[in-house]
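Scroll down for the structure; my scribbles are underneath it.
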Amino acid sequence: MRADAERLEWIEIPGDHEVRAFAQAVREGLGASPKFLPCRFFYDEEGSRLFEAICELDEYYLTRAEREILEREAASLAARFTGPVTLIELGSGNAAKTRLLIEAFLRNGAELRYVPVDVCRTALQDSCRALLRDFPPLKICAVAAEYWHALKLLPPAAGRKLVLWLGSNIGNLDRPEAVRFLRCLAQDLGSDDRLLLGIDLRKEASTLERAYDDSQRVTAQFNRNLLARINRELGGHFDVSRFAHRAVYREDVGRIEMYLVSEARQTVRIDALDWEVAFLEGEEIHTENSYKYSFEEIDELADAAGLRIEARWLDRHSRFSLNLLRAVR
Ligand code: AVJ
């Protein structure tokens, strides 16, 4: 394990207290009308585990579709890069799909550094440990932070840079924010650098709603974990079973919306906030947006962000897209 330590660098904001940020977000979101909670707080240890279970579900086609594309394209993608490569991944999670790219680059003999970024420290630690074990030539610099903070913490890249933002993680940002974020990413891309962006496509509501309300109720549990996390970390007294999971696709704005619905009129105390929050029967907490894109919307997004699409690949059912982009100079 000592050798591993030399291959791993760890970056986080000193004095960054995720619990304090969570407390603040809960106070603000549950004090607002309508109520909301930011989706990044889904990912504590339990939430990351539940999300990995979601990725295994038949109904959640996104992960398999993207994996199919990566399996097909990894070798030719890696062949586009010569010399040392830094792979930066936003929202790396368990990095399961990334392994396909790491293998392809290493097979090409590239000197490879991997920079995973994730809000979940435990997921980051576990994935780094497994990658160092499985890929002896790999060096890792892990960044524990949310997206906007991470942009400022990224280490200088050695050689060419490939930024990965997979899994339709971009779907959590509203459309203007996605443009702003991509514009910031684009600024740090040199002419030899690229961005690989996984984006879920617009499709029939029934397919989408099944993906976000699965028959095994894993997504429901993932959604309710936000309340369970309040109980664990902030001394909340939620009876989690009194909140229903709801996922709805709004075609007009092209997004899945997730809610937790209070099934009764109830008051819930949160000790750490010394606060009681009241819910009406049927009152909702908006917990997530997951935007879907048409091809035109992806083109517009790239355009507005100062990026040019160099290649776009789809899975065989045309459900999901992987886009290779470069900065416009
Ligand atoms: C991790 C943001 C890509 O929006 O599909 C999965 C999160 N939420 N099921 C998504 C999620 C409910 C996921 N992302």
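Within the range 246-260, at least one residue is more than 20 Å from the chain's Cα centre (by Cα), within 30 Å of residue 25 (Cα to Cα) and more than 16 Å from the ligand (Cβ to nearest atom). Might you let me know whether the range 52-67 holds any residue that is open to solvent by 20 Å² or more (accessible area, probe 1.4 Å), in contact with a Leu (Cβ under 6 Å, 6 or more places away or on another chain), at negative phi and modelled with pLDDT of 95 or more? So far as the range 52-67 goes, no, none of its residues is open to solvent by 20 Å² or more (accessible area, probe 1.4 Å), in contact with a Leu (Cβ under 6 Å, 6 or more places away or on another chain), at negative phi and modelled with pLDDT of 95 or more. Within the range 159-177, residues that are touching a residue at least 12 places away in the same chain (Cβ under 8 Å) and of a type outside the set (A, V, I, L, M, F, W, C) reach partners that are near the ligand (Cβ under 10 Å from one of its atoms) and in a loop (DSSP other than H, G, I, E, B) with beta carbons closer than 6 Å, at six or more positions or on different chains, in the pairs 169/91. Figure legend. Inter-residue proximity from the range 54-79: first residues over 16 Å from residue 247 (Cβ atoms), second residues of a type in the set (Val, Ile, Thr) and open to solvent by 40 Å² or more (accessible area, probe 1.4 Å), beta-carbon distance below 7 Å, spacing 6+ or different chains. No pairs are indicated.
Within the range 68-93, the set of residues being within 13 Å of the ligand (Cβ to nearest atom) and surrounded by fewer than 20 Cβ atoms within 10 Å (Cβ to Cβ) is empty. Residues that are farther than 15 Å from residue 42 by Cβ and surrounded by 24 or more Cβ atoms within 10 Å (Cβ to Cβ) within the range 113-123 comprise 114, 115, 116, 117, listed in sequence order. For the residues 85, 26, 19, the requirement of being modelled with pLDDT under 95 and aliphatic (A, V, I, L, M) singles out 19. In summary, strands (runs of 3 or more DSSP E) completely within the range 216-291 and bearing 3 or more residues that are of a type in the set (A, V, I, L, M, F, W, C) and on the phi < 0 side of the Ramachandran plot occur at 243-250, 255-262, 275-279. In the range 133-174, the residue that is most open to solvent (accessible area, probe 1.4 Å) out of those that are outside any loop (DSSP other than H, G, I, E, B) and of a type in the set (Phe, Trp, Tyr) is 148. The number of residues in the range 11-35 being open to solvent by 70 Å² or more (accessible area, probe 1.4 Å) and under 23 Å from residue 284 (Cβ atoms) comes to 5.
Go through 193, 200 for me and flag whichever is under 25 Å from residue 49 (Cα atoms), open to solvent by less than 50 Å² (accessible area, probe 1.4 Å), acidic (Asp, Glu) and touching a Leu at 6+ places or on another chain (Cβ under 9 Å). After applying the criteria, what remains is 200. Applying a threshold of 6 Å to beta carbon distances and a minimum spacing of six or more residues, or different chains, the list of pairs starting in the range 199-228 at a residue that is under 20 Å from residue 169 (Cβ atoms) and touching a residue at least 24 places away in the same chain (Cβ under 8 Å) and ending at one that is surrounded by fewer than 17 Cβ atoms within 10 Å (Cβ to Cβ) and hydrophobic (A, V, I, L, M, F, W, C) reads 218/53. For the range 16-132, the helices (runs of 4 or more DSSP H) that sit wholly inside it and include 3 or more residues that are over 25 Å from residue 142 (Cα atoms) are 18-31, 61-79.
No other residue among 182, 227 is modelled with pLDDT of 95 or more and more than 17 Å from residue 287 (Cα to Cα) apart from 182.
Checking the range 112-121 against the condition returns a match, with at least one residue being within 16 Å of the ligand (Cβ to nearest atom) and at pLDDT below 95.
The values are calculated or read from the model by the stated rules, or taken from the named source; none is laboratory data. Remember, it's a predicted structure, so these values are computed and weren't measured experimentally. Quick reminder, even Gly has a Cβ in these numbers, built from the backbone with ideal geometry, and neighbours come from all protein chains shown. Ligands, DNA and RNA are stripped out before the accessible areas are found, and what is left, the full protein with its side chains, is counted by its heavy atoms. Shrake-Rupley method; radii C 1.70, N 1.55, O 1.52, S 1.80 Å.
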